[in-house]
Amino acid sequence: MPELIERKKLEHSPTLNTVFMVEETLKNMDESVISVAELKRRLPKQINHNTLRIILEYLEESNKIAVTMKGITWIHNPSPKLRKAIKEGFEL
């Protein structure tokens, strides 16, 4: 419940277009890992740092990106074959 209250107090709430812009930039990057500073430079439009943090947090929670000490990498794979293999597979 405190998290819900905290989210209502956001000063910079991202728009859907901004989330899509960040997603597309991360999907289409040449490198496998990118820093937040480099991501901000590559975005087609400037974005508030706090808004970018909120978007990156959302993408990490939805398992689309992985955030490590080295940087950010896109990990989402929408392949139906992969989803089926994961669903029908077993854990070792």
Inter-residue pairs, beta-carbon under 6 Å, first closer than 25 Å to residue 57 by Cα and of a type in the set (Val, Ile, Thr) and in region 74-92, second modelled with pLDDT of 80 or more and not in a loop (DSSP other than H, G, I, E, B), 6+ apart
75/66
Inside region 67-88, the number of residues satisfying the requirement of being more than 14 Å from residue 39 (Cα to Cα) and not in a helix (DSSP H, G or I) is 7
By residue number, the members of region 25-67 that are under 19 Å from residue 78 (Cα atoms) and among the small types (Gly, Ala, Ser) are 32, 62, 66
Mind listing just one residue for me: the one in region 37-66 that is among the polar types (S, T, N, Q) and in a helix (DSSP H, G or I) and, of those, farthest from residue 14 (Cα to Cα)?
50
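The values are calculated or read from the model by the stated rules, or taken from the named source; none is laboratory data. Owing to the predicted nature of the structure, the values given are computational and were not obtained by experimental measurement. Note that we place each Cβ from the backbone using ideal geometry, even for glycine, and neighbour counts take in every protein chain shown.
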